[in-house]
Ligand SMILES: Nc1ncnc2c1ncn2[C@@H]1O[C@H](COP(=O)(O)OP(=O)(O)OP(=O)(O)O)[C@@H](O)[C@H]1O
Ligand SMILES: [Mg+2]
């Protein structure tokens, strides 16, 4: 389980706190949604979980399966099953998508004490997963994310997730930029990974995604704090009323 | 009135060598060859080794860098075998399907070469032998292909050259395989070697020429190599250099190239080795409608010093030039790119661009870039740029968030950076070989560590 306690985060080299005391407990088998206005700190939380070093934890703790992960490097966390689907996936010219996928998968398998996949085996798995997510094979021949549309990049993220089979999935606005059909495909991909061994944190602005990926809990993040937690119906309520009421509360 | 300049130890050594060797150098007894050497020695000795107050050499001060002049390499001191040549080339290049011409310690070695008669489409012979009995075309070519003014390193080469390859490709000939000139140094004592190649590509011919510079052992060496290349009208030339000499080597090479009309010239230089490397490229457009695309990849670490200096001279209208260099610098390595494009008054419609990019892997590394445009025509498009930076932190984080450990993530990004320029090599086997060599360099192998 993921346990976040009284987490305070600021940007390294700066003073302003972005996360101002987050408490959150997410058990395996559960899906929690995080909603909240722009700039409230959702991506910051996601990055801090993945280990981006632009941020500094000034107080609090984060444990995953009982282990403190805050001192681990991003790759160590990935090996422990942490996966962040980026809000803005990075383009890497010159690195072939297949080379990347293979290096990533083998690194994680190695860290888990599993054998590396042979080339044909790897090709088979990628092809299979890509087909499920309707990622065309010519996309896999291109350099990583280079020239992909916003929606195509998001699909690549889910493809990576389904290959790496992480146990803590953090999805940062994976739905933005997806057309209606793509949203369904991606949601199916995510749902396929849902299970008792996996915890998911789904960051979104839109209630629509939560029709497909039905959350166990919805948290509202405003100005660096979780200001409300409820069931899936909270998303519907927010859709109607917006965040105005929390703006005040969080100030 | 001239003031006697104090010679450095290396300069004194070179002067002694010339005096001792001149009567025994190839071509001695032939008036033309002797005349060439004398004139070149004059040019050299009036200025001596280049130093930092000579603008073109300000980053590579040979007076300071060369402490001693090593004695000339013994011609046939060591019985080398074909296997030794392949071993020096390394596994990835040894397998290249090519016409191999091997120069050992400054002598063209027929018995180690496999030119296959150039498929009957040209001629190859030993330049050293030819100096004593020069053919008409050699006399019209040697030391006359776009010679740089006042470059004393090239002059020194002409004065002291011991041999190399003289080659002519027939008009319209299309060679099925690349020609690969291997410049090898044997093991043994510290040595100097001065080689010269002359290549004339006939009109409409197509040729890929690879020059490799490798060491067989770890002996300290000073290399001065010049290649003169004439590309006939309508010819297509791919000219590639691979340098992986031992970390005790001072490597000076100069390519002097003259392009006729409608020539397509693609050059690529890949530098991995040597302690000090100066890669000079002089290209002159002598006919309209030609293009010259020169690119380079430098991987340097430790205390390696790598200087690429180019002069591209647009003397006629309607030509296109590109110079694109990428350097990966680690440790306290120093990388230099100087590129001057001259566009003369008549060279209207010139299209010239240059770019140099360095990826700095450490705080101790240094990159100097000096682009220069001398434009005397008014209807031209010219530009230059240069960048230097570190590995992109966002890209690093993305890769590491996918479980890829830091060294491996870094290697992927560096390979991607340098891959962009290696991709310009048209020959697939060479391209693959260079990519593999990059991988092993990144894995910590290679020279200069
Ligand atoms: N690396 C950074 N440097 C400077 N400011 C940052 C950095 N990361 C986040 N911030 C600031 O912290 C605040 C929270 O940003 P964050 O990206 O976490 O918001 P968000 O909730 O994900 O917003 P959105 O809904 O627009 O994606 C913002 O004011 C943002 O400008
Ligand atoms: Mg965000």
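Nothing in this text is a laboratory measurement; each read-out follows from the coordinates by a stated rule. Given the structure is predicted, the values throughout are model-derived calculations rather than measurements. Cβ sites come from the backbone with ideal geometry, for glycine too, and all protein chains shown count toward neighbours.
Take every DSSP beta bridge with both residues inside the protein assembly as shown and express the antiparallel ones as a percent of the total, to the nearest 5.
15 percent
For chain A, what's the relative contact order in percent, using C-alpha pairs closer than 8 Å and at least 6 residues apart?
Worked out over chain A, it gives 28 percent.
Pop the C-beta distance of residue A:240 and residue A:125 into the FRET formula with R0 = 45 Å and round what comes out to the nearest 0.05.
Efficiency computed from Cβ-Cβ geometry: 0.55.
Summarise the partner chain shielding of A:77-85 as one whole number: the mean count of Cβ atoms from other chains within 10 Å of each residue's Cβ.
That average works out to 3.
Using only the alpha-carbon atoms, how far is helix A:97-111 inclined from the longest principal axis of chain A? Give it as 0 to 90 degrees, nearest 10.
Computed tilt is about 70 degrees.
Between residue A:11 and residue B:362, what FRET efficiency follows from the Cβ-Cβ distance if R0 is 25 Å, with the result rounded to 0.05?
Here the calculated transfer efficiency is 0.45.
List the relative contact order of the range B:9-442 as a percent without decimals, with contacts defined as Cα pairs under 8 Å and 6+ residues apart.
That works out to 10 percent.
Enter the angle in degrees (range 0 to 90, nearest 10) between the Cα long axis of helix A:119-132 and the first principal axis of the Cα atoms of chain A, meaning the one along which they spread out most.
So the inclination is approximately 50 degrees.
How high is the FRET efficiency from residue B:189 to residue B:34, r the C-beta distance, R0 35 Å, rounded to 0.05?
Approximately 0.75, to the nearest 0.05.
Hey, what did the range A:142-251 get for relative contact order, percent, Cα under 8 Å, at least 6 apart?
So the answer I get is 21 percent.
When the chain is fully extended, how far beyond the present Cα-Cα distance does residue A:1 get from residue A:109, taking 0.36 nm per residue of separation?
36.7 nm
When chain A is modelled as a GNM with alpha-carbon springs shorter than 10 Å, which of A:213, A:108, A:92 fluctuates the most?
Result for chain A, Cα springs under 10 Å: A:92 fluctuates most.
Only bridges with both residues in the range B:237-312 count here: give the DSSP antiparallel percent, nearest 5.
0 percent
Rounded to the nearest 500 deg cm²/dmol, what is the calculated helix-only ellipticity per residue at 222 nm for chain B, with -39500 (n - 2.57) per DSSP H run of length n ≥ 4?
-7000 deg cm²/dmol
Extending each Cα 7 Å along its Cβ direction at residue B:379 and residue A:197, get the distance between those two points in nm, one decimal.
Between residue B:379 and residue A:197, the simple spin-label model gives 7.2 nm.
Out of B:49, B:14, B:413, any idea which swings most in a Gaussian network model of chain B, alpha carbons joined below 10 Å?
Looking only at B:49, B:14, B:413, the largest GNM fluctuation is found for B:413.
With both partners inside the range B:9-442, how many of the DSSP beta bridges are antiparallel, as a percent to the nearest 5?
Here the share of antiparallel DSSP bridges comes out near 5 percent.
Gaussian network model of chain B, Cα springs within a sub-10 Å range: biggest mean-square fluctuation belongs to which of B:222, B:338, B:140?
B:140
Measuring from label point to label point, each 7 Å out along Cα→Cβ, what is the residue B:440 to residue B:393 span in nm?
The modelled label-to-label distance comes out at 3.6 nm.
To the nearest Å, what is the center-to-center distance of the range B:62-106 and the range B:217-293, using C-alpha atoms only?
Cα centroid to Cα centroid, the span is 17 Å.
Please work out the C-alpha center-to-center distance from the range A:46-98 to the range A:118-190 and express it in whole Å.
19 Å
Cα-based Rg of the range B:9-442 per 2.2 N^0.38 Å, rounded to two decimals?
0.94
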